[in-house]
Amino acid sequence: MRLSAALTIGVLVAACGQGQDTPAKGAPIEAKGLPPRATPADYQAQTKAGAVTIAAEFAGHSVPTAQGPLTTEDFVVVEMALFGAPDARMKISADDFSLRINGKKAPLPSLPYGMILSSVKDPEWVPPEQAKSKSKGGLSTGGNGDQADSNAPPPPVKIPIEVQRAMAQRVQKATLPEGDRTLPQAGLIYFQYRGKTQGIHSVELIYDGPAGKATLALQP
């Protein structure tokens, strides 16, 4: 899965040429995360796993980024942070987290950010207006002179590659950083869930990693 994610984001970056934020060829793409909030209490919920405090907030189908929220219909997002003693370090992996929705026996595994890119949308982006027909009546005509079906659905809007690339970079930068890190660290983790958030009655973030084990009840 992670290889596919890397290929997806690699294609988006390569297709846009060498921009200012484009990584060098062959360089790994690294998530930078979000700025941690001042304290764990600034998140909806908090719990302890050993000496580490896990704080989190359920974002539903929203994808919070530093430049404003994006959306995804196919995934739900948790904004979380890890706090510890001054200068404490921790090996962080999104694979250590899972999400239980509505008490389901099998929790959802976390997925790499590259998996959600094809479903991400920017609510602030407005597609260009469709070119109006040049015909007098506003309807195009076929080769036999017949008018096209005015009730036909409009063709799908193709999002420009530069817009896709910008959204991919926003998601990348907001994703929880992984590896051996100095605390605090904060960012987003992702879980595949296509249902409506109105149907979610309970959410539990489950941690099982180097710091220990913990379950954090979130607000749907």
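Some observations on this one:
- Rough spin-label spacing in nm, given labels placed 7 Å along Cα→Cβ, for residue 85 and residue 181: 2.1 nm
- 21 Å Cα-Cα threshold exceeded, pairs from 173/196; 104/196; 32/158; 105/196; 48/104; 32/213: 173/196; 32/158; 48/104; 32/213
- Each of residue 74 and residue 118 was given a label point 7 Å from its Cα along the Cα-to-Cβ line. The distance between the two points is 0.5 nm.
Since every read-out is calculated from the coordinates, none of them should be taken as a lab result. Since the structure is predicted, the reported quantities are computational estimates derived from the model, not experimental observations. For neighbour counting, all protein chains shown are included, and Cβ atoms are generated from backbone atoms with ideal geometry for every residue, glycine included.
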